[in-house]
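I have placed the structure first, in the form of structure tokens, so that the comments after it can refer back to it.
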Amino acid sequence: RLYLNGGQVIDTDDFSQIGRIGVGMPWAMANGLEIMVGTKAGRLELSRYSASSLGFIDRIDTDCDLGAEQGGFADLDDMVASPVEGQWVFLGGNLLCAIDLLHPTEPPGTGLPGVEPEPLPIRNVQSVAVSLPGSAFDAEYDAIRNRLYVSVPSAGELVTIDGATHTVINREVLGNVPRGLDLSPDGSTLAILFHGNGNLGFKDLASGEIEFQNLTPTLGTTAG
């Protein structure tokens, strides 16, 4: 399945819409039983849905004010389950929030409830500037080939960077505003979601060929 921010739930066998959940940032739980959806209505709210029926289970209000640091305009950019059971991490604007759903009255820490978080590690790393044809939107690292794939929507390009030399080794003009990227677990295929024509592209990284699936009938829009 694909769970989309617009609430659509898509079957990847035929890319038909099989139902809807709430609008927001979705996360499929590893146990396969629930989908968590994060939304910002002033403060961050979490909604739980059944993965089998897609029915609403409950809503959890939080004290995470993602807009506090940016005049109330920050959106929820990302959410991820923490390695600590029951804890979740959310990113919005320049604010990072941690929430413990198992112990909601205790401050989240790095282990048991009430344990103070460990200080963030400070690491000095070497950085390299790479010239791109515009602003990058998303990137995926290919550990098998030691390459980085970067989407550049303004130029309609997929840029490939060599991880050893830090140089651009391929600029592929795809058009139609390529944005989201995702690498398959076996490293064979790069998925590309287009914001200009509602297509989902699957690039075979061995042959370089791309197959396209039109999601517009399902999405009801070309904005992937």
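Worth pointing out:
- Antiparallel bridges, percent of DSSP beta bridges restricted to the chain (to nearest 5): 100
- Under Karplus coefficients 6.51, -1.76 and 1.60, residue-wise ³J(HN,Hα) of the range 199-205 in Hz, glycine/proline x: 9, 10, x, 10, 9, 6, 6
- Highest-fluctuation residue, Val115, Val23, Val37 considered, GNM on the chain with Cα pairs under 10 Å: Val115
- Over all projection directions, the Cα-based convex hull of the chain averages an area of 14.3 nm².
- Working ranking of peptides 50-63, 156-169, 190-203 by packing, defined as the average number of other Cβ atoms within 10 Å per residue, highest first, is 190-203, 156-169, 50-63.
- Among Pro185, Pro133, Pro26, residue whose mean-square fluctuation peaks in a GNM of the chain (springs only between Cα atoms under 10 Å): Pro185
- Inter-site label distance for Ile57 and Val125 at 7 Å from Cα along Cβ, in nm: 3.3
- Sequence-separation-based contact order of the chain, relative, with Cα cut under 8 Å and 6+ spacing, percent: 8
- Per residue of the chain, the DSSP helices (runs of n ≥ 4 H) give a summed -39500 (n - 2.57) that works out to -500 deg cm²/dmol at 222 nm.
- Extension reserve of the His103-Ser16 stretch, reckoned as 0.36 nm per residue once the Cα distance is removed: 27.5 nm
- Near the amide H of Asp142, within less than 5 Å, lie the amide hydrogens of Arg147, Leu148, Tyr149, all on another chain or at least 5 residues away, with H placed in the peptide plane.
Only the coordinates and a few stated rules stand behind these numbers; no lab work does. Treat the numbers as computed from the prediction; the structure is a model and nothing was measured. We place every Cβ from the backbone using ideal geometry, glycine too, and count neighbours over all the protein chains shown.
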